[in-house]
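Undergrad: Sharing a structure, written as structure tokens. Questions coming.
Taken together, the values in this text are just the output of simple stated rules run on the coordinates, not laboratory data. Please read all numbers here as calculations on a predicted model, not as lab measurements. We place every Cβ from the backbone using ideal geometry, glycine too, and count neighbours over all the protein chains shown.
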Amino acid sequence: MLSFILRRLWQMLPTMLGVVVLVFVLFNWVGGDPAYLLAGKMADTAAIENIRRQLGTDQPYTVQLWIFIQQILTFDFGNAWSTGEPVSQIIASRLGPSLTVLVPLTILETLFGIALALAIAFVRGSLTDRAVMVACTIGMSVSILVYIIVFQYVFAYQLGMFPVQGWGSSLGENLLRYALLPIIIGLAVSIAPTLRLYRSFVLDEVGQDYVRTARAKGLSERRIVWVHVLRNAAIPIITHVMANLPALLIGAFLLERFFGIPGIGREVILAVERSDFPVIKAITVYVAVATMVFNLLADLLYQAVDPRVRLT
């Protein structure tokens, strides 16, 4: 196990280097000169050169790349151009609100998706199965903006059950008051594609030889589905959950923007609007690292779910 982890960590280095080079090229060669963005349209040449010296963009590209690598290794990306606040402090303060929404949402989405997929497996091919799939298709066709506007209008404005916007200072207040409606909306949006996907995982296992063998041994259908099928279907489910976790931090920006949640997704939108490159670069690198780490955790969970899986 330890040798596998060390080998995977070693394999991450070339991938991480490729991400660093790609991000550097995109922001330095394709993104344009940040000095013009910060100086404004009426700035003279001396002001632009002064900004370049302050940012270090007047240095050769090799020096700038080395500075970028040092920032990654030290987790210090300098200060945000728009506010002057340290980038590391911005990300640390925005991570908590995002996780307050995304962790419960991911847990509920996974549990509901698995339970409903296994339940549908009992009635596969029936009218109920087809009706559920039609409902999922309709649900997937509706934009998340429609969900947000309708839920805010009905539950927040008309019924007054939830605040429309805001964020508190304590975890309990945020989880039970401000984050509850965004979690419900996120669950309503994600449950349809999740159920369709998990249903396909379960039905793939239902047709396997070991299921027919279990039925021949006289095991009940409930035990076959909830024990044997679930354990084998868990591997692609883990892959799906782990692959989506890093993207959820950025993908929830609409929920954070509409509900005024000071999270990572909302910060990305603000950074793009302000052309705040240090913040965008830092979040891009952190998401890449999180993706590789969660892929490693997924491989470790495979063996925990099924010891027959060999880690290579």
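Undergrad: Just to be sure I understand, if you calculate Rg/Rh (Cα atoms, Kirkwood Rh) for this structure, which of (1) 1.05; (2) 0.98; (3) 1.20 do you get?
TA: (1)
Undergrad: Taking H placed 1.01 Å from N in the peptide plane, check which residues at least 5 places from residue 79 or on another chain put their amide H under 5 Å from its amide H.
TA: Here 87 satisfy the definition.
Undergrad: What full-extension length gain, to one decimal in nm, is calculated for residue 83 and residue 184 as 0.36 nm per residue of separation minus the Cα-Cα distance?
TA: Here the answer is 33.1 nm.
Undergrad: Further question: Calculate how steeply helix 61-74 sits against the longest principal axis of the alpha-carbon atoms of the chain, using the helix alpha-carbon long axis, and give the answer as 0 to 90 degrees to the nearest 10.
TA: The helix 61-74 is inclined about 50 degrees to the chain.
Undergrad: With +1 on each Lys and Arg Cβ and -1 on each Asp and Glu Cβ, and nothing else charged, work out how big the dipole of the chain is about its Cα centre, in Debye to the nearest 20.
TA: 1160
Undergrad: Gain in length, residue 220 to residue 303, computed as 0.36 nm per residue apart minus the alpha-carbon separation, to one decimal in nm?
TA: 27.2 nm
Undergrad: Let me spell out the model: positive unit charges on the Cβ of Lys and Arg, negative unit charges on the Cβ of Asp and Glu, origin at the Cα centre of the range 1-74. What dipole size does that give, in debye rounded to 20?
TA: 360
Undergrad: Could you work out the relative contact order of the chain? I mean the mean sequence separation of Cα pairs under 8 Å and 6+ apart, divided by the number of residues, in percent.
TA: 24
Undergrad: Another question about this same structure. Only loop residues by DSSP count here, and only those with at most 15 other Cβ atoms within 10 Å; note down the trypsin sites (Lys or Arg not before Pro) in the range 75-182 that meet that.
TA: Hits after loop and neighbour filter: 124.
Undergrad: Here's a follow-up. Answer with one residue from 227, 278, 242: the one whose Cα lies farthest towards the positive end of the charge dipole of the range 194-279, charges on Cβ with Lys, Arg +1 and Asp, Glu -1.
TA: It is 227, whose Cα lies furthest towards the positive end.
Undergrad: Expressed as an acute angle from 0 to 90° and rounded to the nearest 10, what is the orientation of the C-alpha long axis of helix 2-25 relative to the principal long axis of the chain?
TA: For helix 2-25, the angle is close to 50 degrees.
Undergrad: Can you give the calculated 222 nm mean residue ellipticity of the chain, where each DSSP H run of n ≥ 4 adds -39,500 (n - 2.57) and the sum is split over every residue, rounded to the nearest 500 deg cm²/dmol?
TA: -23500 deg cm²/dmol
Undergrad: Quick one: if you stick a label point 7 Å off each Cα along the C-beta vector at residue 15 and residue 95, how many nm between them?
TA: Between residue 15 and residue 95, the simple spin-label model gives 1.9 nm.
Undergrad: Another question, then. What distance in nm lies between label points placed 7 Å from Cα along the C-beta direction at residue 70 and residue 159?
TA: In this crude spin-label approximation the distance works out to 5.6 nm.
Undergrad: Where the centre of each part is set by its Cα atoms, how far does the range 206-277 sit from the range 159-204, in angstrom?
TA: 14
Undergrad: Report the residue, chosen from 105, 180, 127, that carries the largest GNM mean-square fluctuation when the chain is represented by alpha-carbon nodes joined by springs under 10 Å.
TA: For the chain, modelled as a Gaussian network with Cα springs under 10 Å, the answer is 127.
Undergrad: Separate question: Taking springs between alpha-carbon atoms closer than 10 angstrom, which of 253, 155, 277 fluctuates most in the Gaussian network model of the chain?
TA: Sorting by GNM fluctuation, first place goes to 155.
Undergrad: Something else now. Can you tell me the FRET efficiency between residue 135 and residue 290 if r is taken as the Cβ-Cβ distance and R0 is 51 Å, rounded to the nearest 0.05?
TA: With R0 = 51 Å, the Cβ-Cβ based efficiency is 0.95.
Undergrad: Still on this structure, I have one more. Taking Cα atoms, how many degrees apart are the long axis of helix 180-206 and the longest axis of the chain, rounded to 10 and kept between 0 and 90?
TA: So the helix axis and the longest Cα principal axis differ by about 50 degrees.
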